[in-house]
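Right, one structure below, let's go through it.
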Amino acid sequence: SKLAALFEHPLYNIPIPEVTEKDKLFIINPMEKFSLHSSGSDEWVSSSKAETLLPTGKTAYDTYPTWLKFHVGINRYELYPRQDPLLPTLLRDLATQRIISSVQKSGGTQLKLIMTFPNYGQALFKPMKQTREQETPIDFFYFSDFERHNAEIAAFHLDRILDFRRIPPVSGRLVNITKEIRDITTDKKLAKTFFISPAGNVCFYGECSYYCSTEHALCGKPDRLEGSMAALLPDKTLAKRRSWRSPWRRSYHKSKKAEWELNPNYCAQVKDMPPYDRGHRLLDLIDMTILDFLMGNMDRHHYETFEKFGNDTFLLHLDNGRGFGTHSRDEPSILAPLQQCCSVKKSTYLRLQLLATQPYRLSDVLREALAADPLAPVLAEPHLRALDRRLGKVLAAVGHCLAR
(Lines give C-alpha, C1' and ligand atoms only; values in the text may rest on other atoms or scores of the structure.)
Protein backbone atom coordinates (compact mmCIF):
# COMPACT_ATOMS: atom_id res chain seq x y z
CA SER A 1 0.00 0.00 0.00
CA LYS A 2 1.50 3.30 -1.14
CA LEU A 3 -0.94 5.13 1.10
CA ALA A 4 0.11 3.25 4.24
CA ALA A 5 3.78 3.83 3.35
CA LEU A 6 3.07 7.56 2.86
CA PHE A 7 1.45 7.90 6.28
CA GLU A 8 4.44 6.11 7.87
CA HIS A 9 6.93 8.53 6.29
CA PRO A 10 8.75 10.85 8.76
CA LEU A 11 7.15 13.91 7.09
CA TYR A 12 3.77 12.54 8.19
CA ASN A 13 4.92 11.96 11.75
CA ILE A 14 5.98 15.46 12.73
CA PRO A 15 4.49 15.88 16.22
CA ILE A 16 1.93 18.60 16.85
CA PRO A 17 2.47 20.82 19.92
CA GLU A 18 1.22 19.46 23.24
CA VAL A 19 -2.56 19.84 23.45
CA THR A 20 -3.54 21.53 26.73
CA GLU A 21 -7.08 21.92 28.05
CA LYS A 22 -7.40 25.39 26.48
CA ASP A 23 -6.39 23.91 23.10
CA LYS A 24 -9.41 21.58 23.04
CA LEU A 25 -12.66 22.66 21.42
CA PHE A 26 -14.61 20.98 24.23
CA ILE A 27 -13.37 20.36 27.75
CA ILE A 28 -15.17 17.29 28.98
CA ASN A 29 -14.77 14.96 31.89
CA PRO A 30 -14.37 11.47 30.40
CA MET A 31 -16.35 10.14 33.36
CA GLU A 32 -19.30 12.42 32.57
CA LYS A 33 -22.18 10.76 30.81
CA PHE A 34 -23.94 12.45 27.90
CA SER A 35 -27.47 11.56 26.94
CA LEU A 36 -28.50 11.70 23.33
CA HIS A 37 -32.00 13.04 23.74
CA SER A 38 -32.99 15.93 21.55
CA SER A 39 -32.09 19.28 23.07
CA GLY A 40 -33.75 21.48 20.49
CA SER A 41 -30.82 21.35 18.10
CA ASP A 42 -30.47 17.55 18.04
CA GLU A 43 -27.14 17.84 19.83
CA TRP A 44 -25.78 16.16 22.91
CA VAL A 45 -26.48 17.39 26.43
CA SER A 46 -24.83 16.54 29.74
CA SER A 47 -27.06 14.36 31.90
CA SER A 48 -25.70 15.12 35.36
CA LYS A 49 -22.38 13.84 36.64
CA ALA A 50 -23.70 10.33 36.11
CA GLU A 51 -22.06 7.18 37.42
CA THR A 52 -18.29 7.63 37.21
CA LEU A 53 -17.86 4.14 35.82
CA LEU A 54 -20.32 2.19 33.78
CA PRO A 55 -21.09 -1.40 34.84
CA THR A 56 -18.76 -2.79 32.17
CA GLY A 57 -15.80 -0.94 33.68
CA LYS A 58 -15.64 1.48 30.73
CA THR A 59 -15.80 5.24 31.11
CA ALA A 60 -18.77 7.16 29.76
CA TYR A 61 -16.59 8.36 26.83
CA ASP A 62 -16.48 4.79 25.51
CA THR A 63 -20.25 4.86 25.07
CA TYR A 64 -20.29 8.02 22.92
CA PRO A 65 -21.28 7.54 19.27
CA THR A 66 -18.42 8.02 16.80
CA TRP A 67 -19.60 11.45 15.60
CA LEU A 68 -19.51 12.74 19.21
CA LYS A 69 -15.99 11.38 19.72
CA PHE A 70 -15.00 13.19 16.49
CA HIS A 71 -16.38 16.48 17.88
CA VAL A 72 -14.71 15.98 21.25
CA GLY A 73 -11.35 15.28 19.55
CA ILE A 74 -11.15 18.63 17.67
CA ASN A 75 -8.33 20.86 18.93
CA ARG A 76 -6.45 24.04 18.02
CA TYR A 77 -4.06 22.18 15.69
CA GLU A 78 -6.16 19.62 13.83
CA LEU A 79 -9.69 18.58 13.00
CA TYR A 80 -8.76 14.92 13.52
CA PRO A 81 -5.46 13.12 14.23
CA ARG A 82 -3.25 11.61 11.50
CA GLN A 83 -3.61 8.03 12.68
CA ASP A 84 -7.22 8.42 13.76
CA PRO A 85 -8.73 5.05 14.76
CA LEU A 86 -12.21 6.62 14.60
CA LEU A 87 -12.00 7.56 10.93
CA PRO A 88 -12.90 4.20 9.31
CA THR A 89 -15.87 3.80 11.68
CA LEU A 90 -17.09 7.36 11.10
CA LEU A 91 -16.90 6.93 7.30
CA ARG A 92 -18.76 3.61 7.57
CA ASP A 93 -21.47 5.24 9.71
CA LEU A 94 -21.94 8.01 7.12
CA ALA A 95 -22.35 5.37 4.40
CA THR A 96 -24.59 2.89 6.22
CA GLN A 97 -26.44 4.31 9.24
CA ARG A 98 -30.21 4.42 9.00
CA ILE A 99 -31.52 7.85 8.01
CA ILE A 100 -34.44 8.96 10.20
CA SER A 101 -34.83 12.55 8.97
CA SER A 102 -34.05 14.49 5.77
CA VAL A 103 -34.61 18.24 5.50
CA GLN A 104 -33.25 20.86 3.13
CA LYS A 105 -30.34 22.93 4.40
CA SER A 106 -31.23 26.60 4.38
CA GLY A 107 -29.01 29.09 2.54
CA GLY A 108 -26.47 28.28 -0.14
CA THR A 109 -26.97 28.44 -3.87
CA GLN A 110 -27.66 24.76 -4.57
CA LEU A 111 -29.72 21.96 -3.04
CA LYS A 112 -28.25 20.23 0.01
CA LEU A 113 -29.98 18.11 2.66
CA ILE A 114 -29.30 17.61 6.38
CA MET A 115 -29.75 13.96 7.27
CA THR A 116 -30.08 12.69 10.83
CA PHE A 117 -29.20 9.21 12.15
CA PRO A 118 -30.80 7.35 15.11
CA ASN A 119 -27.90 8.35 17.42
CA TYR A 120 -28.44 12.06 16.61
CA GLY A 121 -25.40 12.20 14.36
CA GLN A 122 -25.98 14.39 11.32
CA ALA A 123 -24.55 14.60 7.82
CA LEU A 124 -24.72 17.04 4.92
CA PHE A 125 -25.93 15.27 1.77
CA LYS A 126 -24.98 16.67 -1.64
CA PRO A 127 -26.75 14.80 -4.44
CA MET A 128 -25.21 13.73 -7.74
CA LYS A 129 -25.85 16.26 -10.51
CA GLN A 130 -23.65 14.99 -13.32
CA THR A 131 -21.58 11.96 -14.27
CA ARG A 132 -17.86 11.52 -13.47
CA GLU A 133 -16.90 12.10 -17.12
CA GLN A 134 -18.73 15.41 -17.66
CA GLU A 135 -16.43 18.42 -17.62
CA THR A 136 -17.58 21.94 -16.78
CA PRO A 137 -18.49 23.61 -20.11
CA ILE A 138 -15.75 26.06 -21.16
CA ASP A 139 -18.27 28.92 -21.42
CA PHE A 140 -19.45 28.49 -17.80
CA PHE A 141 -18.42 31.05 -15.20
CA TYR A 142 -17.04 29.42 -12.03
CA PHE A 143 -19.94 30.83 -9.97
CA SER A 144 -22.62 29.20 -12.13
CA ASP A 145 -20.98 25.77 -12.17
CA PHE A 146 -22.64 22.68 -10.67
CA GLU A 147 -21.53 21.44 -7.27
CA ARG A 148 -20.30 17.87 -7.58
CA HIS A 149 -20.83 15.17 -4.94
CA ASN A 150 -17.71 13.27 -5.99
CA ALA A 151 -15.60 16.44 -5.60
CA GLU A 152 -16.59 16.59 -1.91
CA ILE A 153 -15.45 12.98 -1.41
CA ALA A 154 -12.19 13.41 -3.33
CA ALA A 155 -11.43 16.74 -1.59
CA PHE A 156 -11.60 15.11 1.86
CA HIS A 157 -9.11 12.40 0.86
CA LEU A 158 -6.81 14.85 -0.96
CA ASP A 159 -6.79 17.18 2.08
CA ARG A 160 -5.79 14.22 4.27
CA ILE A 161 -3.06 13.10 1.85
CA LEU A 162 -1.61 16.64 1.92
CA ASP A 163 -1.66 16.28 5.75
CA PHE A 164 -3.84 19.36 6.22
CA ARG A 165 -6.75 17.45 7.81
CA ARG A 166 -9.01 20.50 7.67
CA ILE A 167 -12.02 18.99 5.83
CA PRO A 168 -14.60 17.03 7.88
CA PRO A 169 -14.84 13.33 6.89
CA VAL A 170 -16.93 12.60 3.77
CA SER A 171 -18.23 9.31 2.39
CA GLY A 172 -20.16 8.47 -0.74
CA ARG A 173 -23.59 6.90 -0.32
CA LEU A 174 -26.36 5.49 -2.50
CA VAL A 175 -29.63 6.88 -1.13
CA ASN A 176 -33.19 5.70 -1.74
CA ILE A 177 -35.07 8.93 -2.63
CA THR A 178 -38.44 7.42 -1.73
CA LYS A 179 -37.67 5.79 1.65
CA GLU A 180 -34.78 7.97 2.85
CA ILE A 181 -35.94 11.42 1.71
CA ARG A 182 -39.54 11.74 0.46
CA ASP A 183 -41.30 9.45 2.96
CA ILE A 184 -39.52 10.78 6.05
CA THR A 185 -39.08 14.50 5.38
CA THR A 186 -40.80 17.02 7.66
CA ASP A 187 -39.77 19.83 5.30
CA LYS A 188 -43.02 20.94 3.64
CA LYS A 189 -41.28 23.06 0.98
CA LEU A 190 -39.05 20.13 -0.02
CA ALA A 191 -42.00 17.69 0.03
CA LYS A 192 -43.86 19.77 -2.58
CA THR A 193 -41.05 19.32 -5.14
CA PHE A 194 -41.22 15.52 -5.61
CA PHE A 195 -42.62 14.06 -8.82
CA ILE A 196 -42.40 10.99 -11.06
CA SER A 197 -40.64 11.66 -14.38
CA PRO A 198 -41.94 10.44 -17.77
CA ALA A 199 -39.35 7.64 -17.51
CA GLY A 200 -40.90 6.49 -14.21
CA ASN A 201 -38.05 7.78 -12.00
CA VAL A 202 -38.58 9.53 -8.66
CA CYS A 203 -37.36 13.16 -8.86
CA PHE A 204 -37.22 16.27 -6.68
CA TYR A 205 -35.69 19.73 -6.94
CA GLY A 206 -36.12 21.59 -3.62
CA GLU A 207 -35.80 25.37 -3.21
CA CYS A 208 -32.58 27.33 -3.77
CA SER A 209 -31.17 30.22 -5.82
CA TYR A 210 -29.54 28.07 -8.57
CA TYR A 211 -30.62 24.86 -10.30
CA CYS A 212 -33.75 24.27 -8.18
CA SER A 213 -36.42 23.78 -10.85
CA THR A 214 -38.06 20.94 -12.77
CA GLU A 215 -35.45 21.47 -15.54
CA HIS A 216 -32.68 20.74 -13.04
CA ALA A 217 -34.47 18.07 -11.00
CA LEU A 218 -32.50 15.30 -9.30
CA CYS A 219 -33.80 11.93 -10.43
CA GLY A 220 -33.13 8.44 -9.18
CA LYS A 221 -32.85 5.19 -11.13
CA PRO A 222 -35.75 4.62 -10.43
CA ASP A 223 -35.28 5.98 -6.91
CA ARG A 224 -31.59 5.34 -6.15
CA LEU A 225 -29.40 8.44 -6.11
CA GLU A 226 -25.69 8.89 -5.44
CA GLY A 227 -24.49 11.61 -3.10
CA SER A 228 -21.79 12.66 -0.67
CA MET A 229 -22.36 12.48 3.09
CA ALA A 230 -20.17 14.89 5.08
CA ALA A 231 -19.96 14.70 8.87
CA LEU A 232 -21.36 17.91 10.31
CA LEU A 233 -19.20 20.05 12.59
CA PRO A 234 -20.48 20.78 16.12
CA ASP A 235 -23.56 23.00 16.27
CA LYS A 236 -22.60 26.70 16.19
CA THR A 237 -24.42 27.23 19.49
CA LEU A 238 -21.84 24.92 21.09
CA ALA A 239 -18.74 25.90 19.09
CA LYS A 240 -18.90 29.28 17.38
CA ARG A 241 -17.17 29.60 14.04
CA ARG A 242 -15.98 32.79 12.44
CA SER A 243 -16.30 33.31 8.69
CA TRP A 244 -13.44 35.19 6.97
CA ARG A 245 -13.60 36.73 3.54
CA SER A 246 -10.63 35.53 1.47
CA PRO A 247 -8.32 38.41 0.42
CA TRP A 248 -7.99 36.63 -2.95
CA ARG A 249 -11.74 36.32 -3.39
CA ARG A 250 -12.90 36.64 -7.00
CA SER A 251 -15.20 39.48 -8.08
CA TYR A 252 -18.17 37.19 -8.83
CA HIS A 253 -18.88 39.52 -11.74
CA LYS A 254 -18.87 38.62 -15.43
CA SER A 255 -16.51 41.43 -16.47
CA LYS A 256 -15.10 43.08 -13.33
CA LYS A 257 -11.70 42.00 -11.99
CA ALA A 258 -10.74 41.81 -8.31
CA GLU A 259 -7.91 44.00 -6.97
CA TRP A 260 -5.46 41.11 -6.66
CA GLU A 261 -5.85 40.42 -10.40
CA LEU A 262 -4.75 43.98 -11.24
CA ASN A 263 -2.05 44.63 -8.63
CA PRO A 264 1.03 42.34 -8.76
CA ASN A 265 2.16 43.74 -5.37
CA TYR A 266 -1.16 42.96 -3.72
CA CYS A 267 0.42 40.57 -1.20
CA ALA A 268 2.32 43.43 0.49
CA GLN A 269 -1.08 44.96 1.33
CA VAL A 270 -2.42 41.68 2.71
CA LYS A 271 0.67 41.18 4.92
CA ASP A 272 -0.05 44.51 6.61
CA MET A 273 -3.64 43.77 7.56
CA PRO A 274 -4.94 41.59 10.42
CA PRO A 275 -5.08 38.63 10.77
CA TYR A 276 -2.36 38.14 8.10
CA ASP A 277 0.15 40.48 9.77
CA ARG A 278 1.22 37.90 12.36
CA GLY A 279 1.21 34.17 13.04
CA HIS A 280 0.80 31.54 10.32
CA ARG A 281 -2.58 32.62 8.93
CA LEU A 282 -1.18 33.66 5.54
CA LEU A 283 0.75 30.39 5.22
CA ASP A 284 -2.41 28.45 6.08
CA LEU A 285 -4.25 30.37 3.37
CA ILE A 286 -1.51 29.43 0.88
CA ASP A 287 -1.96 25.77 1.90
CA MET A 288 -5.66 26.14 1.02
CA THR A 289 -4.70 27.77 -2.29
CA ILE A 290 -2.54 24.76 -3.19
CA LEU A 291 -5.39 22.35 -2.34
CA ASP A 292 -7.76 24.42 -4.51
CA PHE A 293 -5.34 24.58 -7.46
CA LEU A 294 -4.83 20.81 -7.39
CA MET A 295 -8.57 20.21 -7.66
CA GLY A 296 -9.34 23.23 -9.87
CA ASN A 297 -11.64 24.96 -7.36
CA MET A 298 -12.10 28.68 -8.19
CA ASP A 299 -14.93 29.20 -5.71
CA ARG A 300 -13.10 29.90 -2.43
CA HIS A 301 -14.65 33.19 -1.37
CA HIS A 302 -14.66 32.55 2.41
CA TYR A 303 -13.13 30.20 4.94
CA GLU A 304 -13.92 29.54 8.60
CA THR A 305 -12.10 29.09 11.92
CA PHE A 306 -13.27 28.06 15.37
CA GLU A 307 -13.72 31.29 17.31
CA LYS A 308 -12.41 29.80 20.55
CA PHE A 309 -8.87 29.47 19.15
CA GLY A 310 -8.56 33.04 17.86
CA ASN A 311 -5.97 33.65 15.15
CA ASP A 312 -3.67 30.79 16.14
CA THR A 313 -5.44 27.81 14.58
CA PHE A 314 -6.11 25.99 11.30
CA LEU A 315 -8.56 27.08 8.59
CA LEU A 316 -11.58 24.92 7.84
CA HIS A 317 -11.67 23.92 4.15
CA LEU A 318 -15.46 23.62 3.78
CA ASP A 319 -17.62 23.41 0.67
CA ASN A 320 -15.46 21.84 -2.04
CA GLY A 321 -18.19 20.86 -4.50
CA ARG A 322 -16.85 23.05 -7.31
CA GLY A 323 -13.55 21.19 -7.43
CA PHE A 324 -12.68 18.54 -10.02
CA GLY A 325 -14.90 20.11 -12.69
CA THR A 326 -12.26 20.07 -15.40
CA HIS A 327 -9.17 17.97 -16.07
CA SER A 328 -8.15 19.15 -19.54
CA ARG A 329 -7.07 22.63 -18.43
CA ASP A 330 -5.61 24.24 -15.31
CA GLU A 331 -6.49 27.60 -13.75
CA PRO A 332 -3.19 29.36 -12.89
CA SER A 333 -4.96 32.31 -11.18
CA ILE A 334 -5.89 30.04 -8.23
CA LEU A 335 -2.18 30.03 -7.31
CA ALA A 336 -2.01 33.85 -7.08
CA PRO A 337 -1.43 33.92 -3.28
CA LEU A 338 1.56 31.57 -3.60
CA GLN A 339 2.99 33.41 -6.63
CA GLN A 340 2.45 36.93 -5.25
CA CYS A 341 3.62 36.25 -1.68
CA CYS A 342 6.36 33.74 -2.58
CA SER A 343 5.77 32.04 0.78
CA VAL A 344 4.95 28.46 1.64
CA LYS A 345 5.33 26.30 4.74
CA LYS A 346 8.48 24.24 4.58
CA SER A 347 6.56 21.14 5.75
CA THR A 348 3.98 21.62 2.97
CA TYR A 349 6.72 22.07 0.34
CA LEU A 350 8.58 18.93 1.47
CA ARG A 351 5.38 16.85 1.36
CA LEU A 352 4.56 18.16 -2.13
CA GLN A 353 8.04 17.15 -3.28
CA LEU A 354 7.50 13.70 -1.76
CA LEU A 355 4.14 13.32 -3.56
CA ALA A 356 5.90 14.02 -6.86
CA THR A 357 8.18 10.96 -6.45
CA GLN A 358 7.39 7.53 -7.89
CA PRO A 359 6.90 5.64 -4.59
CA TYR A 360 4.27 8.13 -3.36
CA ARG A 361 2.89 9.59 -6.58
CA LEU A 362 -0.11 11.80 -5.74
CA SER A 363 -2.46 10.22 -8.29
CA ASP A 364 -1.60 6.71 -7.04
CA VAL A 365 -2.18 7.43 -3.33
CA LEU A 366 -5.43 9.31 -4.00
CA ARG A 367 -6.67 6.53 -6.31
CA GLU A 368 -5.94 4.03 -3.53
CA ALA A 369 -7.71 6.16 -0.89
CA LEU A 370 -10.80 6.60 -3.08
CA ALA A 371 -10.99 2.89 -3.94
CA ALA A 372 -12.38 2.20 -0.45
CA ASP A 373 -15.35 4.56 -0.93
CA PRO A 374 -18.80 2.98 -1.55
CA LEU A 375 -19.13 4.98 -4.80
CA ALA A 376 -15.73 4.01 -6.24
CA PRO A 377 -14.44 4.94 -8.74
CA VAL A 378 -14.95 8.46 -7.34
CA LEU A 379 -12.85 10.30 -9.96
CA ALA A 380 -12.42 9.60 -13.65
CA GLU A 381 -8.80 8.73 -14.53
CA PRO A 382 -8.09 12.02 -16.38
CA HIS A 383 -8.72 13.92 -13.11
CA LEU A 384 -6.14 11.78 -11.31
CA ARG A 385 -3.58 12.38 -14.07
CA ALA A 386 -4.31 16.12 -13.92
CA LEU A 387 -3.31 16.11 -10.23
CA ASP A 388 0.24 15.02 -11.09
CA ARG A 389 0.48 17.71 -13.78
CA ARG A 390 -0.80 20.40 -11.40
CA LEU A 391 1.51 19.26 -8.62
CA GLY A 392 4.41 19.82 -11.04
CA LYS A 393 3.14 23.37 -11.63
CA VAL A 394 2.95 24.11 -7.87
CA LEU A 395 6.53 22.90 -7.41
CA ALA A 396 7.62 24.99 -10.43
CA ALA A 397 5.96 28.07 -8.87
CA VAL A 398 7.90 27.50 -5.61
CA GLY A 399 11.08 26.91 -7.66
CA HIS A 400 10.52 30.22 -9.43
CA CYS A 401 10.17 31.96 -6.04
CA LEU A 402 13.39 30.33 -4.79
CA ALA A 403 15.20 31.45 -7.93
CA ARG A 404 14.01 35.03 -7.40
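The values are calculated or read from the model by the stated rules, or taken from the named source; none is laboratory data. Here the structure is a predicted model, which means the values were calculated and not measured. Note that each Cβ is placed from the backbone with ideal geometry, even for glycine, and that neighbours are counted across all protein chains shown. The protein model used for the area step is the full one, side chains on, heavy atoms only, and it has no ligands, DNA or RNA in it. Shrake-Rupley method; radii C 1.70, N 1.55, O 1.52, S 1.80 Å.
Expressed as a whole percent, the accessible surface of the chain that belongs to carbon and sulfur atoms is 55, based on a 1.4 Å probe.
Decide, for the chain, between rounded, prolate and oblate: order the square roots of the alpha carbon gyration tensor eigenvalues as a ≥ b ≥ c, take rounded if a/c falls under 1.5, and otherwise choose prolate if a/b is larger than b/c, else oblate. Taking the square roots of the gyration eigenvalues as a ≥ b ≥ c, the chain is oblate. In sequence order, the stretch 74-89 has phi-based couplings of 5, 9, 4, 9, 7, 6, 7, x, 4, 9, 7, x, 6, 4, x, 5 Hz under the Karplus curve 6.51 cos²θ - 1.76 cosθ + 1.60, θ = phi - 60°, and Gly or Pro positions carry x. Couplings for the stretch 186-192, taken from phi via the Karplus curve 6.51 cos²θ - 1.76 cosθ + 1.60 with θ = phi - 60°, read 9, 8, 5, 5, 5, 4, 6 Hz in order; Gly and Pro are left as x. Computed 3J(HN,Hα) for the stretch 283-291, one whole-Hz value per residue from the Karplus formula 6.51 cos²θ - 1.76 cosθ + 1.60 where θ = phi - 60°, is 5, 5, 5, 5, 4, 5, 4, 5, 4, glycine and proline marked x.
Send over a whole-number figure in Å² for the accessible area per residue of the stretch 59-231, probe 1.4 Å. For the stretch 59-231, the per-residue accessible area is 40 Å². Could you pull out every one of the aspartates and glutamates with an alpha carbon less than 14 Å from that of residue 271, ignoring same-chain neighbours closer than 8 positions? Once the sequence-local aspartates and glutamates are set aside, what remains near residue 271 is 284. Sequence gap at least 6, Cα distance under 8 Å: using those rules, report the relative contact order of the chain to the nearest whole percent. It comes to 17 percent, rounded to a whole number. Note that the stretch 241-403 presents 43 Å² accessible area per residue, ligands and nucleic acids not counted, probe 1.4 Å.
Legend: calculated FRET efficiency, residue 239 to residue 95, from the Cβ-Cβ distance at R0 = 25 Å, rounded to 0.05, equals 0.50. Loop-located trypsin sites (Lys or Arg not before Pro) in the stretch 286-383 (DSSP state not H, G, I, E or B) with no more than 13 neighbouring Cβ atoms inside 10 Å: 329. With the whole protein complex present, residue 195 retains an accessible surface near 70 Å², based on a 1.4 Å probe. Ranking 303, 237, 177 by how far each Cα lies toward the positive end of the dipole of the chain (charges on Cβ) leaves 303 at the top.
The length gained on full extension between residue 5 and residue 63, counted as 0.36 nm times the residue separation minus their Cα-Cα distance, comes to 17.6 nm. Fully extending the segment from residue 302 to residue 109, taken as 0.36 nm per residue of separation minus the present Cα-Cα distance, adds 68.0 nm. When every Cα-Cα distance of the stretch 241-403 is counted in 10 angstrom steps from zero, the calculated P(r) takes the values 9, 36, 37, 16, 2 percent. Helical content alone sets the calculated 222 nm signal of the chain at -8000 deg cm²/dmol, taking -39,500 (n - 2.57) per DSSP H segment of four or more residues and averaging over every residue.
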